[in-house]
Amino acid sequence: MTAALVCVAVSPAPAPAQSAQSTGTITGTVIGASGGGPRTGIPVTLIGARRDGSDRTTEKVVTNGRGHYRFE
């Protein structure tokens, strides 16, 4: 079995002190290294933190039958 690891880092620009916190959605598809087909049941972990390192959060999901994952 061949496994591939993909890491995506998202870092928004610093917001002005008076602005409200915003939210978003991160989606993707995990595909196999050989053949490129979707991978089912693969754990995907999202780790987030403020730029100063405080308030670290971790979210975990598993890919569906089509290899898709979604963080909201």
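The values are calculated or read from the model by the stated rules, or taken from the named source; none is laboratory data. As the structure is a prediction and not an experimental result, all values here were calculated from the model. Note that we place each Cβ from the backbone using ideal geometry, even for glycine, and neighbour counts take in every protein chain shown.
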* **Search result, residues across the stretch 46-72 that are part of a strand (DSSP E or B), surrounded by fewer than 10 Cβ atoms within 10 Å (Cβ to Cβ) and touching a residue at least 12 places away in the same chain (Cβ under 8 Å)** => Thr58
* Gly35 vs. criteria at positive phi, assigned to a loop (DSSP other than H, G, I, E, B) and either modelled with pLDDT of 90 or more or among the β-branched types (Val, Ile, Thr) (or both) -> no
* Asked: What residue, among those in the stretch 24-44 that are under 15 Å from the mean Cα position of the chain (by Cα), surrounded by 11 or more Cβ atoms within 10 Å (Cβ to Cβ) and not hydrophobic (A, V, I, L, M, F, W, C), is farthest from Arg66 (Cα to Cα)?
  -> Gly28
